[in-house]
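I have placed the structure first, in the form of C-alpha cells, so that the comments after it can refer back to it.
Derivation of every value follows stated rules applied to the coordinates shown; laboratory data play no part. In this text, all values refer to a predicted model and were calculated from it rather than measured experimentally. Cβ atoms come from the backbone with ideal geometry, glycine included; neighbour counts cover every protein chain shown.
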Amino acid sequence: MIREIDCAGKILDLSTPQVMGILNLTPDSFSDGGQYTHAQSAIEQTETMLEQGALIIDVGGESTRPGAAEVPLNEELDRVIPVIEKIALEFDTMISIDTSKPEVMDAAVKAGASFINDVNALRSEGALEAAVKLGVPICLMHMQGMPRTMQTAPTYEHVTNDVINFLSKRIQHCVDAGISHEQLLIDPGFGFGKTLEQNCQLMRELNTFKELGCPVLVGVSRKSMIGQILDVEVDERLIGSVALETLAVWQGANIIRAHDVREAVAGVKIATAVKMAGL
C-alpha cells in the first residue's frame, strides 16, 4: 500500500490515517452553507482546522448536497480562487480543490492547490485531460446519478461490489490516460446515491476497497445517514460523525474528510492506537 503521495512537492504521509478539513465556500451546503463565504472567515476557519490537526484543507465552491443545482463556472471560480491564493500565501499546508469542472481544477492548481477531489470521478467533459496535464493526486468518488437526482430511488445489485467495479474502471481509465496509479485515491461516496441501508453496508464492508490498491478517503461528516439513525438534525450529528469516522479508520480508511476537525482527529487517533496495538 502507498504510504506517501507527492502533492506538488508536499508529501502526504499516509503511514497513519489523516484528517482533511472541509472549507465550504458556498451559501447552500447542507451543513455549513454561508458560514465561510467571506475570505477572512474562510482564512480564520482554515487556521482553526490546521491548529486542530487537519493535514489537508478541502476547498469547495459548489454544493453537492442532494437536490443541489449546478453553479456557473465563473461563480465557482470567484468563490474558490481568491481563498486558495490566500491560504497558499499564509499557510504551509496542502490544499485540495473539491470540484468536477476542469477549468476550476486548472485555476485552483495554479493558485496553490495540490490535490483534486472530484465527486464525479473525472467524468465531466475535459476533466480527465485536465487532471493528466496538472499531474497532482486525484480522489475519484463514486456517485450514482447527479446531486439533483442521486437520492431518487438508488438501486444496486450489490452496493459494495457495484461501487468497487465502478472505481476499478475509473482507475483503469485514468491509468490508460497517463495518470500514475500512485497518484489516485478513492472514495466510496457515502450519501451520494445511496440509501441508509446501502451506506451502512458500505461502511461494514469498507475494508474490501483495499483490493483496489489506492488509499481510501471517507466523508461521512454530519451526513443524513447519521440523522436517519439517530433522528437528529444537522447541528446534532457530531457524535454520530465521530463514531462513523472511527469505524472507517478501523476498516482501513486513510483520510477522513470532516467538518469537526478536532473531534475527527481524536477519533482517528483512538482507532489507530487500538488497531496498531501489539503489532
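Starting from the Cα gyration tensor of the stretch 220-264, take the square roots of the eigenvalues, sort them a ≥ b ≥ c, and report rounded, prolate or oblate (rounded when a/c is under 1.5, otherwise prolate if a/b is larger than b/c, else oblate). Prolate, since a/c reaches 1.5 and a/b exceeds b/c. So which residue, out of LEU89, LEU206, LEU23, gets the largest mean-square fluctuation from a GNM of the chain using Cα contacts under 10 Å as springs? Of the options given, LEU89 has the highest mean-square fluctuation. Under the criterion of Cα pairs below 8 Å and six or more residues apart, the relative contact order for the stretch 56-203 equals 22 percent. Reducing the stretch 177-239 and the stretch 74-140 to their Cα centroids gives an inter-centroid distance of 21 Å. Note that the stretch 99-191 carries a Kirkwood radius of 13.7 Å, evaluated over its alpha carbons pair by pair. Each Cα pair under 8 Å and six or more residues apart adds its sequence gap; the mean of these over the residue count of the chain is a relative contact order of 19 percent. For the chain, the square roots a ≥ b ≥ c of the C-alpha gyration tensor eigenvalues yield an a/c under 1.5, which makes the shape rounded. State the dimensionless ratio Rg/Rh of the stretch 77-123 (Rg: radius of gyration of Cα atoms; Rh: Kirkwood radius). In the stretch 77-123, Rg relative to Rh is 0.96. Pull out a ≥ b ≥ c, the square roots of the eigenvalues of the alpha-carbon gyration tensor of the stretch 65-222, then state rounded if a/c is under 1.5, prolate if not and a/b is larger than b/c, and oblate in the remaining case. Because a/c hits 1.5 or more and a/b exceeds b/c, the stretch 65-222 counts as prolate. Of the GluC sites (Glu not before Pro) in the stretch 212-279, the ones in a loop by DSSP (not H, G, I, E or B) with at most 15 other beta carbons within 10 Å are GLU233. Share of pairwise Cα-Cα distances greater than 27 Å in the stretch 139-279 is 21 percent (whole percent). Most mobile of GLY191, GLY145, GLY240 per a Gaussian network model of the chain (Cα springs, under 10 Å)? Comparing GLY191, GLY145, GLY240 in a Gaussian network model of the chain, the most mobile one is GLY145.
Listed by chain and number, the lysines whose C-alpha is less than 28 Å from the C-alpha of LYS275, apart from same-chain residues fewer than 8 away, are LYS10, LYS210, LYS223.
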